[in-house]
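Reading through the structure tokens given below for one structure.
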Amino acid sequence: MKTLIFNGSPRNNGGTATLIKELEKNLAGEVNVISSYKANISPCIDCRYCWTNDKCSIDDEMQKVYRLINEADNIIIASPIYFGEITGSLLGLMSRLQYYYVARKFRNTEILSVKKRNGVLILVDGGDGYADNAMSIGKALLRKMKSEFIGSVYFSGTENVPKNKTIVPENIFAEIKALSINLSKIPDTETDQERQARIYPILLSEYNPAWPQWFAEEKVNLERLIGIENIARISHFGGTSIPGLTAKPTVDILLEIVETIDIEELIASMPNEEYTCLRKEGNSLSEHDRVMFLKGYTDTGFADKVFHIHVRYPGSYDELRFRDYLIAHPENAVEYADLKRKLFKDYEHDRDGYTAAKGEFIRRVTKKARKL
Ligand SMILES: Cc1cc2nc3c(=O)[nH]c(=O)nc-3n(C[C@H](O)[C@H](O)[C@H](O)COP(=O)(O)O)c2cc1C
């Protein structure tokens, strides 16, 4: 689980910082805190570079934050209230979310991966007791980051305590704790299968031009581990191999091995800590796969780069025909991407169901591809 917290307070030990620390204590998984006062992030200058380019022109720490937003399961905006609003510094940082708005409006592109993100607001003020504006802008900003508002904690009254001290009442701590449990959402009675579905959800990502490079790097790894003499061909296939396609960010690799290789030796040459080997028994491998290796499945969820390596004897495979057909027929690639987006909503935590539902389209296109 990944949580991204935006901290809009300049004070190290104020109310906002205290509540963030309390929340961090109770949160499972990876937590990143971005302080608007400390980060090297400039406000948007409305240069309009992103109207025509898939990038923000300002090369600063926000580039990392865009990645963190994309990967986050939870996004938290925590800020003091200044003049009835979240702080100007945090608003400055948030102005860089314009990049997402422009992509949607002018380039018809969704930059953020389709995944469920929880959104939370934590607000702190001196004692006015008026948080409506901050609440409303906070919710709008969460929406811009494609996160769903699930709750807020509002602590009003830091100025009622002595200077340089912030005493947070117990009931506010209790609210933070309840929120963190909600964010961690790990049911007590979870089965192994439910856990797998939760920590390895189906993700859909806009096309990432780095995918071919990930493939190239892994190809070198495989050649080193298995030995070039044992390999007939290594190919990149699946959604990430089709330029421009919205895809599950998993690099599928077809590894054709020479028939003389001993499969047990092959398995032994793949380090256990990096590769999980699936065998025919009990696993839903393709009828052609001798074995399959998964890479990038950590105990807490996906690593940054995820690979499925399908091991087969040399042959003529439909998966490669399907890939080549979609590369040559972009209109079908668009149709495929639309279908995946639609299915995603129904099958977020049901990998097999999702794959089955795509089957009809794949069969239809493969039939056409075979005739070429
Ligand atoms: C520039 C400025 C404007 C403020 N405006 C408000 C306000 O409109 N309402 C209010 O209740 N407190 C206001 N405060 C008080 C802060 O919200 C309060 O000190 C809060 O504890 C600051 O958050 P922190 O403790 O996390 O730094 C303001 C403080 C500053 C410095």
**Asked** Which distance in nm do the two modelled labels at GLN193 and GLN98 give, with both placed 7 Å along the Cα-to-Cβ direction?
**Response** 5.0 nm
**Request:** Name the shape class, rounded, prolate or oblate, that the alpha-carbon gyration tensor gives for the stretch 193-272, where a ≥ b ≥ c are the square roots of its eigenvalues, rounded holds for a/c under 1.5, and otherwise prolate holds if a/b is larger than b/c and oblate otherwise.
**Result:** oblate
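Would you mind working out the magnitude of the charge dipole of the chain relative to its Cα centre, with +1 at each Lys and Arg C-beta and -1 at each Asp and Glu C-beta, to the nearest 20 Debye? If you can, show how the numbers build up before the last one.
On the way: 50 positive and 52 negative charges, 236 e Å.
Dipole size: approximately 1140 debye.
Using a/c under 1.5 as the rounded threshold, could you call the stretch 329-372 rounded, prolate or oblate? The axes a ≥ b ≥ c are square roots of the C-alpha gyration tensor eigenvalues, and prolate needs a/b larger than b/c, oblate otherwise.
Working: a/c = 4.30, a/b = 1.74, b/c = 2.48.
Oblate.
Over all pairs of distinct alpha carbons, what does the Kirkwood formula give as the hydrodynamic radius of the chain, in Å? Numbers along the way, then the final one.
Details: mean 1/r = 0.0431 Å⁻¹.
Taking every pair of different Cα atoms in the chain, averaging 1/r and inverting gives 23.2 Å.
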**Message:** Springs between alpha-carbon pairs under 10 angstrom, Gaussian network model over the chain: which of LEU97, LEU225, LEU112 fluctuates most?
**Reply:** LEU225
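Of the DSSP beta bridges with both residues in the chain, give the percent that are antiparallel, rounding to the nearest 5. Don't skip to the end; give the middle numbers.
Working: 21 of 54 bridges.
Given both bridge residues lie in the chain, the antiparallel proportion sits at roughly 40 percent.
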**Complete:** Under the 7 Å Cα-to-Cβ spin-label approximation, ARG364 and SER269 lie apart by a distance in nanometres of 4.2 nm
**Request:** Give me LEU68, LEU266 ranked fewest to most by other Cβ atoms within 10 Å of their Cβ, as a rough exposure proxy.
**Result:** LEU68, LEU266
**Dipole of the stretch 2-186, positive end: most advanced residue of VAL153, ASN108, GLN98 [Cβ charges, Cα centre]** = ASN108
**Asked** Taking the alpha carbon gyration tensor of the stretch 2-186, what are the square roots of 5 times its eigenvalues, largest first, to the nearest whole Å?
**Response** 28, 18, 14
**Within a Gaussian network of the chain (alpha carbon springs, distance under 10 Å), most fluctuating of ALA337, ALA356, ALA17** = ALA356
**Request:** Select from ASP289, ASP46, ASP192 the residue whose mean-square fluctuation is largest in a Gaussian network model of the chain (Cα-Cα springs shorter than 10 Å).
**Result:** ASP192
**Message:** Along the charge dipole of the chain, pointing to its positive end and built from +1/-1 on Cβ of Lys, Arg, Asp and Glu, which listed residue (HIS349, GLY227, ILE267) has its Cα farthest out?
**Reply:** HIS349
**Item:** Proxy reagent accessibility, fewest Cβ within 10 Å first, across GLU194, GLU319, GLU259
**Value:** GLU259, GLU194, GLU319
**Request:** Can you tell me the relative contact order of the chain? Whole percent, Cα pairs under 8 Å, sequence separation 6 or more.
**Result:** 13 percent
**Summed side-chain charge close to LEU372 - residues other than LEU372 whose Cβ falls under 9 Å, Lys, Arg +1, Asp, Glu -1** = +3
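Mind running the shape call on the stretch 211-371? Use the C-alpha gyration tensor, a ≥ b ≥ c as the square roots of the eigenvalues: rounded below 1.5 for a/c, prolate if a/b tops b/c, oblate otherwise. Intermediate values should be presented prior to the final figure.
On the way: a/c = 1.73, a/b = 1.40, b/c = 1.24.
The shape class here is prolate.
Just for the stretch 211-371, what percent of DSSP beta bridges are antiparallel, to the closest 5?
Values: 17 of 24 bridges.
Here the antiparallel bridges make up roughly 70 percent for the stretch 211-371.
Please order TRP211, TRP51 by the number of other Cβ within 10 Å, starting at the fewest.
Numbers: TRP211 23, TRP51 12.
Placing the least packed residue first, the sequence is TRP51, TRP211.
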**Prompt:** Which of the residue pairs LYS305/LYS345; LYS295/LYS342; LYS146/LYS367; LYS146/LYS358; LYS219/LYS280 have a Cα-Cα distance greater than 32 Å in the structure shown?
**Reply:** LYS146/LYS367
**Item:** the chain: angle of helix 318-328 to the longest principal axis, Cα-based, in degrees nearest 10
**Value:** 60 degrees
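We did not get these values from a lab; they are worked out from the coordinates using the rules stated. If you're wondering where the values come from, they're calculated on a predicted model, not measured in any experiment. Counting neighbours? That spans all protein chains shown, and the Cβs are built from the backbone with ideal geometry, glycine included.
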